[in-house]
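The values are calculated or read from the model by the stated rules, or taken from the named source; none is laboratory data. Bear in mind that the values here come from a model prediction, so they are computed numbers and not experimental data. Here the Cβ positions follow ideal geometry from the backbone for every residue, glycine too, while neighbour counts run over all protein chains shown. Protein only, heavy atoms only, side chains kept; ligands, DNA and RNA dropped before computing areas. Shrake-Rupley method; radii C 1.70, N 1.55, O 1.52, S 1.80 Å.
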Amino acid sequence: MNKDFKLIVIEGVDSSGKATQSELLKKRLGSMGKKVVSVEFPNYGSESSSVVKMYLNGDFGTDPNAVSPYAASMLFAVDRFASVKATWKELFSNGNVVIADRYTTSNMVHQASKISDLNQKSEFLDWLYDLEYTKLSLPEPDMVVFLDMPVENARQLMANRANKINNSDVKDIHESNEEYLRQSYNNAVFVAEKYKWNIVHCAKDGVVRSIDDISDEIIENVKQIID
């Protein structure tokens with residue numbers, strides 16, 4: 001793919017504020033005169049996410065750890081491929097700044113968390129990189145902003161958030177499993193440091209920072225690659 005655009009990914013565990021910060025970043029860059037578009041993965045508005053929904057609804061098992069990280073990653077990767085190559089093809093072009101709420105990085109956060117052995121985890125991450133960026137030719141991000149929201153704070157925020165799949169109060173198999181949430185968070189911190197993502201600490205002394213305060217930090221970092 002001829003990359004004539006900037007791709008900024010907003011990443012984090014569930015209920016870390018990704019959607020909110022993605023929207024704020026879009027508005028703030030737009031006010032600076034940038035051509036900005038936004039996307040969200042999984043692409044729940046497309047048929048390409050149908051098997052992803054089956055996975056998150058527990059059709060393949062209600063324990064996330066019982067589903068192979070390789071199999072689960074394929075489901076999300078296919079949805080991403082269809083969305084980038086077809087549904088949103090025009091957005092990933094023409095000098096746009098594309099803000100993505102989740103991306104390949106979410107497979108790195110959630111699926112790699114299922115692997116405890118560091119050598120096997122590294123092998124999986126290499127496989128995933130090759131799958132999505134080489135085999136599927138998906139564009140690599142210019143910046144990944146990792147919203148470091150501790151699990152205790154994320155669970156408080158999650159309590160009042162509806163399920164994105166069906167807009168109900170029923171949590172998906174990731175959100176409903178506290179052990180898996182902690183597992184994913186610990187892995188996310190590891191991956192963010194390993195790949196040198198832009199880490200934004202969303203809580204200080206156990207208290208969640210204000211939305212605007214977090215947004216200010218994000219925009220200052222993003223300016224480095226936009227300007």
For segment 191-216, which residues satisfy the criterion of being surrounded by 16 or more Cβ atoms within 10 Å (Cβ to Cβ) and without any contact (Cβ under 8 Å) to a residue 40 or more places away in the chain?
-> Arg209
Scanning for something within 15 Å of the chain's Cα centre (by Cα), surrounded by 15 or more Cβ atoms within 10 Å (Cβ to Cβ) and assigned to a loop (DSSP other than H, G, I, E, B), does segment 43-65 turn up at least one residue?
-> yes
Residue count, segment 66-85 (criterion: of a type in the set (Phe, Trp, Tyr) and open to solvent by 60 Å² or more (accessible area, probe 1.4 Å)) | 2
Leu138 vs. criteria open to solvent by less than 10 Å² (accessible area, probe 1.4 Å), within 23 Å of Ala72 (Cα to Cα) and modelled with pLDDT of 95 or more = yes
Only one of (1) modelled with pLDDT under 95; (2) open to solvent by less than 70 Å² (accessible area, probe 1.4 Å); (3) on the phi < 0 side of the Ramachandran plot is not met by Ala188, so which one is it?
-> (1)
